[in-house]
1. Name the residue that is farthest from D:Ile327 (Cα to Cα), counting only residues in region D:339-397 that are of a type in the set (Asp, Glu) and under 24 Å from the mean Cα position of the chain (by Cα).
2. Can B:Ile152 be described as out of contact with any His (no Cβ under 6 Å at 6 or more places or on another chain) and surrounded by fewer than 17 Cβ atoms within 10 Å (Cβ to Cβ)?
3. Taking region D:74-101 as the region of interest, how many residues are surrounded by fewer than 16 Cβ atoms within 10 Å (Cβ to Cβ) and closer than 30 Å to C:Asn227 by Cα?
4. Quick one: what pairs do we get from region A:37-49, first residue among the charged types (D, E, K, R), second modelled with pLDDT under 90, C-beta under 9 Å, 6+ apart or different chains?
5. Restricting attention to region B:31-53, does a residue exist that is more than 7 Å from every other protein chain (Cβ to nearest Cβ), more than 23 Å from the chain's Cα centre (by Cα) and under 14 Å from A:Ala97 (Cβ atoms)?
6. Collect the residues in region D:242-269 that are at the interface with chain B (Cβ under 7 Å from one of its Cβ atoms) and of a type in the set (Asp, Glu), keeping them in residue-number order.
7. Test C:Glu130 against the stated conditions and say whether it is within 30 Å of A:Leu14 (Cβ to Cβ), assigned by TED's automatic domain parsing to the domain that holds C:Phe225 and not in a loop (DSSP other than H, G, I, E, B).
8. Just to be sure, is B:Thr73 hydroxyl-bearing (Ser, Thr, Tyr) and more than 30 Å from C:Pro150 (Cβ to Cβ)?
Amino acid sequence: MDHFGIWLAAFLTLGIYSFLYRDNAWYKLSESIFIGISAGYWVVILFWDNFYAKFWLQRQDDPMLWVGAALGFLMLLRLIPKIGWIARWPLAFIDGATAGLWGMNFLASNIMVQTKATIMPLMGPAFSGSIGDLLSNLVLVGGTFCGLIYFFFSKEHKGAFGNAARVGIWTIMITFGAMFGYTVMSRMSLLIGRIDFLFRDWLGLLK
Amino acid sequence: MRREIPLAITVFVGFLLIISVFFPPVETLGEDFSLSFDIIAVFAFFLGGGNLIRIHLKKLARRETDWMFSIVTLGGFILMLTAGLLKIGNPGDIATSVNTEGMLFESIYRSVFVPLGATMYALLAFFVASASYRAFRAKNREATILLVAAFIILMGSTPLGAMATSWMPESLSIFEIPNLAVWIMSYANLAGQRAIIIGIGLGVVSMSLRLILGVERSYLGKEG
Amino acid sequence: MNRRMIEMSILAVITILSIIAYLGKINGWHNGYTFSTGLSITLIILLAASVIFILVLTIKGKLIGRRIVFLYIGIAITLPLFMDISQEIVVSNDVKAVYADLEGLPAGSKILVSFDYDPASAPELQPMAEAFIGECFKRDFKLIMMGLWPMGPQQANMAVDTIMNRMGLTDQDIIYGEDWVNLGFQTGDVFVIQRMGGSFESMFHTDINGRPYQDIPLVKNIKNFSNIDYSFNLSAGFPGTVEWVQVGVDRYGLKLSCGNTAVQAPTVYPYLKAGQLSGLIGGMNDGAAFEKLTQLEGKATKFMLSQSFSHLIIIAFIFIGNVAYFRTGRKSALKK
Amino acid sequence: MSLSQRKSFSVFPAIQFIIIIALTFVLSVNSFAQEATDDTTSVTSVIIAPPTNLLVEDFEYDDGEKLNLIWTPSIDDQPQVGKVTGYQVFRVTNDDVTTKIAELMPGANNFTDQELDKDSTYSYYVTAIANGAEASSVTTSPISPQREWVNFGLTNLFVIALIIGGAIFYFIEMGKRGKKLFVRKIAGLEAVDDAIGRATEMGRPILYIPGIHDMDDVQTLASLTILGRVAEQIADYDIKIRMPVARSLVMTAARETIKASYQAAGRPDAYSDDMVSYITDEQFGYVAAVDGIMVREKPATVFLLGAFFAESLILAETGNHVGAIQIAGTARPAQLPFFIAACDFTLIGEELFAASAYLSNEPKALGALKGQDVGKIIAAAAIIAGVLLETVIQLTDSESAATLLGYLRQAFTT
């Protein structure tokens, strides 16, 4: 990297980290640069990838593209106060389509697939497999079952039902704990990468 | 009419997409939808980008607090737009991707956008630490369970975990921290994940139906 | 002096120091610093003592703010980078297997190395790449490098530069085109591997510098995988190890081991257990272990110290947080 | 298609036999040659067996545009030792135009040809490729793809959708008819009132973050439906709501939502477009801005509801630092631990989608939650029954249990 580039990168990096001390002008400057540059970046990407490549180049082949363009145009009518309410039409279209599309997708991929995956034997043929395996499988099946009980809305968490719900939330808490522990490692290596940039690539203080 | 037409659109499109799954002649409607969504999003950007410019111009005009930074944001935005839409420094023709080396757009991306993104991302390391200090407390049984599970996985991924329990006899090897970590990941963790995932599935189905049946209609206001 | 003055002067000092350090770097006044063992141990003891001091303060009911926590994480990651002390790194069997494979190959063996990652994963994977390349140069193996990710081949060149510098090798010792070659990147993901099964040249007409395949002494006689003695893959996702196993190993009988990020490693475990992979270096911890085996201690060993320190600090602060909780009851321990 | 099958059966065994003999010979010669020449690669032309049993069928349940091809790979295509380096699939149309439509990897034994015309006929042949050699299967007899109007392959999905959807619909109707429906308390949502009240007392704004995904993510939709309920309450008080967003479409939708809520609350004059502002589509750029807003405007209450990724903890920790009461919720399991750690109340997965119905307290919306519970009962019962059956089968080899289990598994196969 050239001198200017590396100083700029270091300046912006430190600017962001200065936020950890408190909000200040340096952070505000880095933040403003980031917002401006990144907003511009995404407009350009949207323009070339979505508008130019998907719409403009193929506008004669696919009538569905014009549905999108027409709805997009209706959305712009929001800028004219008198007929701004028409902008709700494309929103209604998106709402309906997203709901219809994902409703079916989640039904298949979340509910059916995961339920089927949990159907498994607790033990191998003729009582084979260790007690440990049996316990592990019981945890897996029982944990899933009790987790579902926890999410149950129609019944107060009381009595035996409440106990099952409690086991359910414990299982969920183990899941969260595991995910937290798992994420820490990679988050730390991100920071190691940045510190290494500052002290080695920029200042050359590290051997 | 201002309420009825949008509602009719939602109901119609929603049911159409649900049913389309079962009928091969219309089964690609879902893909058509995502395509038209992409195009609507481009038009919507006139509103978003316009809003960005308007907010900052207003700040400038009124000399609100921190108005100087609005100049920076606007400058960056316009710089990136010009560089990218005109493809300044383009070594090829119009079909060349804006992310080709040599373009001004690409070099700003590499020297400003990338380090800033990486740095913001790495802020997480600090916040993980402060959250650990402040929030991971054995306040009740749930919190304690979370804490213990996190601790085992945390230890299991460094030399510390192996060292801490290496004295254990062979027969108890399942209780060595690295093995415990693997067990948690493949059993208890999986059980919790599945319960959450099935629950989410049901939540989405129910919410979709509420939207399509008109029980929920956020942007239409209350039923009259 | 008010707070603002203090802040400004600290900032000024840091700026001046940075400029001096930078000038020092470009003018060669210094070549980086490493703390002596004595200093390192002193610093660690000081750090530990200060943590204990915080603990005592907490027990007494005086709670620290979050800036202190931030400061400690910063220190726990920065200081170890300057230290030259080794921590006991446990070498797993999977890492030993990679090294044993290299030991078993005769000098002159041809090794294919695929770089399937980008700079974001470099902290974890780059050290593995360096140690692997270094070990191969030591044993006089011939390296053919490539990438299924666009940024991969650049990482390969950087790794070669770094390790040759570290080992004191020059372009005369290790000759480009004879001892190693970088074929560059090709689009096509898994199909690149498949086409290479037929012919390398059909995928890579030239190397990364545009030199025709037939003009490169090292590869002109290499037709396809049957001329390759061993292969190594550095992977951070798709396409990567899984694809190399499915096509390179299962189809063409390539002998393969790999280096993976910590997040990615669990997904390739089944292949390792099934014997389709002969070895695995997974995450920074294993990277350090491999450096230990090859005696080419580099960034992973150094970074690993930071990694362990930061985990320790986090565990320490979880502990202190809990002490604070039981000491002060339900009141939040962090000053808002 | 049955014709082509028979043909290939009758002709090929003999050819295969001859080829195997020939190959064994070539191979042994080759290995000698290689030993002698050591490093140089020998480019001897080889003979390979063609793929056999090529069968073309109509693709089940499509719009009449796909055909399925299945064949038996060449006998020289063996993992690790085979010489076949791939297959090529050729299509012959009814006007005798032959096109190569695919190059496949060794081991391939099927291909689906797409984007065909249901009014034309097509024949196919498959060629095995080796270094310097190729061998083609026989060409199949012409066939045209059929259009099916209904996809009976998805009957299970249809039945389950009907049961769960029907249950939701049924309970919504019950609610509409005024039947009282009980729903247990959800702590995070009980706190919404207090959280809004707190902002009123303190005279500081409410910050509402709808996640970083666009309107085509259901989590964003869920967030906006909650926003509708929350904004209605906010309109009643005189508090400022601040909503920075990462997507232009979300900005438009959020404005409409808040506007409608203010109208419903009878305060349309208090609404302003400035309540919602677009920042940037970039994940961490957005985070940088929101962090800035948090420390500068010090909101009393922060809602983090929607699709969140790595930024979840950065936002939640900063919000916590400025002393805001935080209500968070997402359906991304990986981010939930961070919300649980840093926020006061967290809606876990399904609770996020249930929130707006719960907040509305309208019987018909609550009915939908009841309907969800029917789905949970089905899933839980299927799991318990399935696991018991599986275990019984493992222990006793019971045939009837196996049949039952077969049905059960089938029912959840998409």
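The values are calculated or read from the model by the stated rules, or taken from the named source; none is laboratory data. None of these values were measured; they are calculated from a predicted model. Heads up, the Cβs are rebuilt from the backbone with ideal geometry, glycines too, and the neighbour counts pull from every protein chain shown.
1. Among residues in region D:339-397 that are of a type in the set (Asp, Glu) and under 24 Å from the mean Cα position of the chain (by Cα), the one farthest from D:Ile327 (Cα to Cα) is D:Asp373.
2. For B:Ile152, the condition - out of contact with any His (no Cβ under 6 Å at 6 or more places or on another chain) and surrounded by fewer than 17 Cβ atoms within 10 Å (Cβ to Cβ) - is not met.
3. 4
4. That search, which allows pairs on different chains as well, returns A:Asp49/B:Asp38.
5. No.
6. The answer is D:Glu256, and nothing else.
7. So C:Glu130 passes the test.
8. It is true that B:Thr73 is hydroxyl-bearing (Ser, Thr, Tyr) and more than 30 Å from C:Pro150 (Cβ to Cβ).
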